[in-house]
Amino acid sequence: MQVEFHQRGGCPLCDSSEQKILCEIPYHDHRLMKFIEQFYQGRIPSESLTSGVYRVVACAQCDFIYQDPVLNEIGMRTLYEEWIDNAKSLHKKRTAKSKLYRQYVGQVQTLSRLFARRPGQVRVLDFGMGWGYWSRMAQAHGFDVVGFELSIQRSQYARRMGVTVIDDLGAAGDGFDFIYANQVFEHLTDPVKTLQTLCRCLKPQGIIHLRVPDGRGVANRLARQGWSPDLDAIHPLEHINCFTRETLTRLAAGAGLKPFNPPLRLNWGSTWGGIRREIADRLLTTHLYLRR
């Protein structure tokens, strides 16, 4: 089996085959090839993509925006294991500014307020944990944390850093109180099936926290200006699903989940900035807390 592109067979949310094309550029187009060459630092052989087309479509039934076609399974594995510079990714995480870790602290503090139990009694799954830094922050606050990550390099690193890692999500059972999935669902070929699998890992009163890039305005930007590298929510090859708050809520509904607002944050930094952030997260952004 080799790296190839394949059609997705229908909308990833509603399965409709009716599409409206928003953007269509062959991967051999000089502008797109230049971006791929620079972003992946020449790690992608040009012949691997020449037969493919970067096509962004909107479902005619539910308005969900997604890429079609996408890389096949071997292509996706090659992308995340070989074409992405994992050493650079890890260095970026190791040298991140304290703002990132303050965000992690805020999320873990919100987690602590969701359950009227000691942290050690709350079992947490970090789904798509990457290098495991959020898992380690939750561990530092006393939570019982397990990580899951498809990348072998990243899961091995997290293990060395003391994170308990599982390799088979199907064997994880239904014992998790809280599942955290940050910047994961935009990458998944079948997000509905994955979310349904995560639901089976939850306790009856369990909670899932989804965070994905915000796709607000993408369709309008494509209509006005066409594709440009700064449209991260539809990053070629990687961000194959483009969610808005409405479509992320629709994804949740397909798995029997409803959004709810968590307790107010403990530390706002500044009053006005905190109020703005609360309003955005509760009404606009693609950061959702979900439960049955």
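Points to keep in mind about this one:
- Those helices (runs of 4 or more DSSP H) lying entirely in the range 1-109 with at least 1 residues surrounded by fewer than 16 Cβ atoms within 10 Å (Cβ to Cβ), outside the structural domain of S228 (by TED's automatic domain parsing) and within 23 Å of the chain's Cα centre (by Cα): 86-94
- Some residue of the range 90-97 being in contact with a strand residue (DSSP E or B) (Cβ under 6 Å, 6 or more places away or on another chain) and within 26 Å of L32 (Cα to Cα): no
- Every residue from the range 141-160 that is out of contact with any strand residue (DSSP E or B) (no Cβ under 6 Å at 6 or more places or on another chain) and more than 20 Å from R102 (Cα to Cα): E149, L150, S151, I152, Q153, R154, Q156, Y157, R160
- In the condition set (1) farther than 30 Å from E81 by Cβ; (2) among the acidic types (D, E); (3) modelled with pLDDT of 95 or more, E238 is compliant with all but (1).
- All positions within the range 231-251 that are in a helix (DSSP H, G or I), in contact with a Gly (Cβ under 8 Å, 6 or more places away or on another chain) and of a type in the set (V, I, T): I234, T247
- Here is the figure for the range 110-136: residues that are within 20 Å of L264 (Cβ to Cβ) and surrounded by 12 or more Cβ atoms within 10 Å (Cβ to Cβ) total 8.
- Reported count of residues in the range 204-230, each being over 30 Å from D174 (Cβ atoms), outside any helix (DSSP H, G or I) and in contact with a helix residue (DSSP H, G or I) (Cβ under 6 Å, 6 or more places away or on another chain), is 2.
The values are calculated or read from the model by the stated rules, or taken from the named source; none is laboratory data. Fair warning: this is a prediction, and the values are worked out from it, not measured in the lab. Cβ sites come from the backbone with ideal geometry, for glycine too, and all protein chains shown count toward neighbours.
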